[in-house]
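FYI, it's all coordinate maths here, none of it is from the lab. Owing to the predicted nature of the structure, the values given are computational and were not obtained by experimental measurement. Please note: Cβ atoms are built from the backbone with ideal geometry, for glycine as well, and neighbour counts cover all protein chains shown.
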Amino acid sequence: MTLLLAPVLPAAESAPAARPIPLAVDFAPAAAANMQRYGEAERTRLQSAIVSAVSRESACSTVPAGLAVTVTVDNVAPTRPTAKQLSDDPSLDVVRTRYLGGAELTAEVRDASRRVVANVTYRYFPQTLALGSVSRDPWADARLAIEGFAARLAAACRDLSTHGASPSADSAPG
């Protein structure tokens, strides 16, 4: 499984209390196996989308020093066929073929002693095709899940900033 390490950069570089948070993004075994069907290049796209979404959340740049975040993609599915799927099956159509896409993500925030101080989970899959994204982006609904996840992670970061790095309860799935 590929692991992407990147600091989450503060929204405003001049903020004195802001520090980059080490962020690791990985795929659970089942999600990693699915990525073989969708194309390994798609894994990098999704990892970049997660890092970007979390980086845009300024609350994640003001947490106490020494914290690190590990994000796990537990489940992910495209809304439209990926390039590899289109290549593997010429009967698929980039416009007409649609799936119930989305993603389920979890994060562990650990302190300098490697103790878990926050858990965050978020899941978004539309209930019907009609409720899914109309975008032709294969990862449109997964990106909605990633944005919701980043917002929930930011809320956890705000709690850590306010209350220090004390353990907190799991966030409820979205």
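Couple of notes before you dig in:
- Relative contact order %, the stretch 4-163, counting alpha carbon pairs below 8 Å whose residues are six or more apart: 24 percent
- Within the stretch 4-163, the percentage of alpha carbon pairs spaced more than 21 angstrom apart rounds to 46%.
- Multiplying the residue separation of THR162 and VAL134 by 0.36 nm and removing their Cα-Cα distance gives an extension gain of 6.2 nm.
- Each peptide in 128-140, 41-53 was scored by the mean count of other Cβ atoms within 10 Å over its residues; highest first, the order is 41-53, 128-140.
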